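Below is one structure, written out as structure tokens; comments come after it.
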Amino acid sequence: MRNLYQTLRASLKLLLMDAQRYDLKEEADGSWTVIDKETGQTAELNGERLAHLSLHLANEYLPLLKLRDTVSGLIRKPGDEGPA
């Protein structure tokens, strides 16, 4: 039970740390792009750039990106470098 508590606590901490990592940017044509504020670049998910989306779809990607980053952080081993 203690391990589950520690895992949940670590997950929550990672979620809070990454809560503001991604943002939305409106493009000149009225579409939306998900921006990774850490890099300043268009965010990607499964190799797809998250650009020129509807506002609804762009907002749908935000929690998926946060979840991906949280899971990646949990399974990374000490000393691992680079993207998960």
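The values are calculated or read from the model by the stated rules, or taken from the named source; none is laboratory data. For clarity, every value in this text was computed on a predicted model and none was experimentally measured. Positions of Cβ are generated from backbone atoms using ideal geometry, with glycine treated the same way; all protein chains shown enter the neighbour counts.
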Practice task
Identify the residue in the range 1-30 that is under 16 Å from the mean Cα position of the chain (by Cα) and part of a loop (DSSP other than H, G, I, E, B) and, among all such residues, is modelled with the highest pLDDT.
Solution key: 21
Fill in the blank from the handout: Here the qualifying pairs (Cβ atoms under 6 Å; residues six or more apart or on different chains; first in the range 6-35 and within 23 Å of residue 72 (Cα to Cα) and of a type in the set (Lys, Arg); second exposed (fewer than 12 other Cβ atoms within 10 Å of the Cβ) and at pLDDT below 95) come out as 21/37
Problem - Filtered residue count, the range 37-68, keeping only those that are out of contact with any helix residue (DSSP H, G or I) (no Cβ under 7 Å at 6 or more places or on another chain) and under 26 Å from residue 7 (Cβ atoms) - result: 9
Practice task
Could you give me the residue pairs with C-beta distances under 7 Å whose first residue belongs to the range 43-61 and is more than 17 Å from residue 21 (Cβ to Cβ), whose second residue is in a helix (DSSP H, G or I) and hydrophobic (A, V, I, L, M, F, W, C) wherever it lies, and which are 6+ apart or on separate chains?
Solution key: none
